[in-house]
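Only one structure is covered here, and it is reproduced in the block below.
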Amino acid sequence: MTSSSATLSKSAPMPREAIEQTVGTLTSAFIGDPVIRWMYPQAAAYLASFPRFLEAFGGRAFAAGTVYSDPQNRAAAMWLAPGTAPDDEAIETCLLETVAQSQHADMFAVFADMERAHPEFPHWYLPWFGTDANWQSKGIGAELMRRCLAMVDAERLPAYLETPNPRNISFYERHGFRVTGSSQHGKCPPVTFMLREAR
């Protein structure tokens with residue numbers, strides 16, 4: 001969904017068709033992600049379960065209308081407004097039902113670290129950001145990020161995210177984020193925490 005608003009303020013909930021477009025874009029974007037594919041190593045399991053996990057983790061952005069994309073829906077950003085948190089109950093239920101039990105201890109240990117590290121001060125949270133695999137490395141995601149961060153800066157608030165892919169750290173650093181910590185347990189690949197100060 002493309003927004004022309006001046007800030008990342010809440011708007012109308014997204015219609016189901018627009019939600020499905022965003023989920024499709026991000027499912028393509030994360031198809032090679034180390035942590036997500038550790039959770040769902042079989043292709044069929046990934047395609048069946050990742051969309052459910054994505055909606056559990058960031059679905060409140062759909063309800064709030066704080067999801068942004070380029071006009072062709074090749075890249076998508078799901079933001080949660082200050083004071084809005086992911087649906088922990090939905091996340092836990094999804095993970096218990098879709099991820100192999102042998103992975104639960106490592107996975108939930110990482111999620112516990114993520115929760116402890118999450119800022120308590122007002123901020124915009126970016127649980128999901130990605131570009132369709134067919135359109136990566138063409139500047140589309142960078143342009144969307146610049147547009148979103150201009151809106152964040154208009155509100156003079158910081159932004160926060162976690163990235164499960166080390167290849168993306170330099171991308172976020174170029175947009176003003178800095179590493180604040182990380183988590184890694186057992187066989188689960190590392191997740192990196194990043195903060196962009198208010199401007």
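The values are calculated or read from the model by the stated rules, or taken from the named source; none is laboratory data. As the structure is a prediction and not an experimental result, all values here were calculated from the model. Cβ coordinates were reconstructed from backbone atoms using ideal geometry, including for glycine residues, and neighbour counts include every protein chain displayed.
Worth pointing out:
One line per residue, one yes/no per condition, for (1) closer than 29 Å to Ala112 by Cα; (2) basic (Lys, Arg); (3) at pLDDT 90 or above:
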position: Ala6; (1), (2), (3): no, no, no
position: Thr66; (1), (2), (3): yes, no, yes
position: Ser69; (1), (2), (3): no, no, yes
position: Trp79; (1), (2), (3): yes, no, yes
position: Glu89; (1), (2), (3): yes, no, yes
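- Evaluation of Glu120 against (1) in contact (Cβ under 8 Å) with a residue 24 or more places away in the chain; (2) among the acidic types (Asp, Glu); (3) under 20 Å from Ser183 (Cβ atoms) (one fails), failing number: (1)
- Cβ-Cβ contacts under 6 Å between residues 6 or more apart (or on different chains), taken from a first residue in segment 148-175 that is in contact (Cβ under 8 Å) with a residue 60 or more places away in the chain to a second residue that is assigned to a helix (DSSP H, G or I) and among the hydrophobic types (A, V, I, L, M, F, W, C), are listed as Pro164/Val35.
- Residue within segment 177-195 that is under 30 Å from Ala109 (Cβ atoms), crowded, with 16+ Cβ neighbours inside 10 Å, touching a Gly at 6+ places or on another chain (Cβ under 7 Å) and modelled with pLDDT of 95 or more present: yes
- Among the criteria (1) in a helix (DSSP H, G or I); (2) in contact (Cβ under 8 Å) with a residue 40 or more places away in the chain, the one Pro71 does not fulfil is (1).
- Selected residue [modelled with pLDDT under 95, surrounded by fewer than 17 Cβ atoms within 10 Å (Cβ to Cβ) and of a type in the set (A, V, I, L, M)] from Ala117, Ala133: Ala133
- The criterion of being under 21 Å from His185 (Cβ atoms), within 17 Å of the chain's Cα centre (by Cα), part of a loop (DSSP other than H, G, I, E, B) and in contact (Cβ under 8 Å) with a residue 40 or more places away in the chain does not hold for Pro82.
The rows are residues; the columns are (1) of a type outside the set (A, V, I, L, M, F, W, C); (2) surrounded by fewer than 16 Cβ atoms within 10 Å (Cβ to Cβ).
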| site | (1), (2) |
| --- | --- |
| Ala105 | no, yes |
| Val110 | no, no |
| Pro122 | yes, yes |
| Ile140 | no, no |
| Arg146 | yes, yes |
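- Residues of segment 27-46 that turn out to be part of a helix (DSSP H, G or I) and without any contact (Cβ under 8 Å) to a residue 24 or more places away in the chain, as a count: 4
- Within segment 52-73, the set of residues being surrounded by fewer than 20 Cβ atoms within 10 Å (Cβ to Cβ), under 16 Å from Gly130 (Cβ atoms) and in contact with a helix residue (DSSP H, G or I) (Cβ under 6 Å, 6 or more places away or on another chain) comprises Asp70, Asn73.
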